[in-house]
Each structure stands twice: as C-alpha cells, then as structure tokens.
1. All but one of (1) farther than 23 Å from LEU218 by Cα; (2) in contact (Cβ under 8 Å) with a residue 24 or more places away in the chain hold for GLY25, so report the exception by its number.
2. Residues in region 86-109: is at least one closer than 15 Å to GLY214 by Cα and in contact with a Pro (Cβ under 6 Å, 6 or more places away or on another chain)?
3. Look at region 27-56 and say how many of its residues are under 16 Å from LEU207 (Cβ atoms) and either surrounded by fewer than 13 Cβ atoms within 10 Å (Cβ to Cβ) or at pLDDT 95 or above (or both).
4. Being free of Cβ contacts under 8 Å to residues at least 40 places away in the same chain and more than 23 Å from ILE68 (Cβ to Cβ) is true for just one of SER165, SER160, SER119, SER153. Which residue is that?
5. If a residue has to be surrounded by fewer than 23 Cβ atoms within 10 Å (Cβ to Cβ) and closer than 16 Å to GLN69 by Cα to count, how many in region 129-148 make the cut?
6. Name every residue in region 174-195 that is modelled with pLDDT of 95 or more and either at positive phi or loosely packed, with under 15 Cβ neighbours inside 10 Å (or both), in order of residue number.
Amino acid sequence: MNSIVRESSSSEKKAEHVRIFQQIGGWAGILAPIVFTALVIIESLLRPGYSQIYGYISDLGVGPYSLIQNSNFVIFGCLSFLFALGFGKTLNSVSGKRARVVTALIITFGLGSIFAGVSLLFSAYFAHLLSTFIAFGAAMAAQFLSWRSLINSNGMKWGSYRLYSLISGLLSVILFFVFLYTITAFPYLSTTTYHGLAERMFVAVPLLWMIVSGVKILRAEL
C-alpha cells in the first residue's frame, strides 16, 4: 500500500514538473518574438536614416546603440532555449516521437541567435552570418518535424496546429529563397533592393510560429 502511495506521489511530482516546464516554455515562446521585435523597432528609431525596407536587422548590431541589438540576440536565444524545453516536454507527452530532435533543433536556433549577437561584438561577420543561417535552418527544420511528430496525435486537439506547422515551414522555405534573391540578384544596387523587407518577412514566420506554439503549450491539456 505504501509503495502505491509513493508511486502515486512520485507521478504527481513528475507531472507537476512537466507542467512547470510547459508554463515557462509557453511564455518564453510568446515573449521571445515580441521582445525581439520591440527592441529592433526601438533601436531602428534611434538611428536616423535607417530603413526597415533596405536595412538588414544585423546592421543594428554595428555602430551606435549596437549593444541593444547584440543583447537582443542573446535575450532571444535564452528565451528560445526555455521555449525548447517546454515545447519538447509537450511533444513528448503528446506523441513521444521525435521530441528530442525538435528540442535540439530549437535549442540550436537559440544558441545560433546567441552566437550571432556575440560575434558582432567582436566584428566577426562571417561567424555572425554562419550562426544566423544555422539558427534559421534549424528553425525551419523544427517546424516540419513538429508536423511529423504529431502525425498520430489527437486530431481534434492537434490537427489544426499540425497543418499550421507544415504551412509555416513551407512559407519559411519560400521566403528564405525570396530573401536570398534580393541579396544576390542586384548586388551593386543595395539601396534599391528590398532585402530588409524580405529578411523581415522571412524572420517573421518562425517567430510567429513560436508565439502560436507557446499559446498551444499553455492551452494544452495533457
């Protein structure tokens, strides 16, 4: 009888720990994109002449007030790490499939963001570019794998989210190539191409996916 009580108590504590991770991860997934976007807007307003249409987000990490954007990358990465843990716990509870891989991909996304900010502090531009590409490559893969990992889950609860993750992943890929086109098609006409706008459209998709996923985690009844 005592062993049954102890097992029940242990299960309850484990469930409570999972719920805490989910709560933290859910709020981190919601806050990370909001804080990131807000700080980008704030710093861009502090720079006369900076254009949201023509200027790269990373341009804010160099020059006056650059510490704001570099810190922004780091804060976003840390919140993404917390989101990864909470989201991974949710996927593991729902399907138990590929949860660790999805968690690892989102952690890679977060770590890539952190390195992107730190590398700009030391003017390591190639390292910044590499970190950014790895980060968003991992984010795109996480969207597709989230769709796959929930394929046998409760359709009533997760069906629309699965479809959203798939569409979000596909849109990320499309906008990634649109962004690449804007930075390679007219390399000598940087003031007349819309690479800043294209970059923001591309970045917005995985960030919105994080918010939607964070809300889904908070609402999940597991």
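1. Only one criterion is unmet by GLY25, namely (1).
2. No, because not a single residue in region 86-109 is closer than 15 Å to GLY214 by Cα and in contact with a Pro (Cβ under 6 Å, 6 or more places away or on another chain).
3. Counting residues in region 27-56 that are under 16 Å from LEU207 (Cβ atoms) and either surrounded by fewer than 13 Cβ atoms within 10 Å (Cβ to Cβ) or at pLDDT 95 or above (or both) gives 15.
4. On the way: SER165 fails: free of Cβ contacts under 8 Å to residues at least 40 places away in the same chain; SER119 fails: more than 23 Å from ILE68 (Cβ to Cβ); SER153 fails: free of Cβ contacts under 8 Å to residues at least 40 places away in the same chain.
Matching residue, one of SER165, SER160, SER119, SER153: SER160.
5. 2
6. Listed by number, the list holds a single entry, ILE174.
The values are calculated or read from the model by the stated rules, or taken from the named source; none is laboratory data. Since the model is a prediction, treat every value here as computed from it, not as a measurement. In this analysis, Cβ positions are derived from the backbone assuming ideal geometry, glycine residues included, and neighbour counts consider all displayed protein chains.
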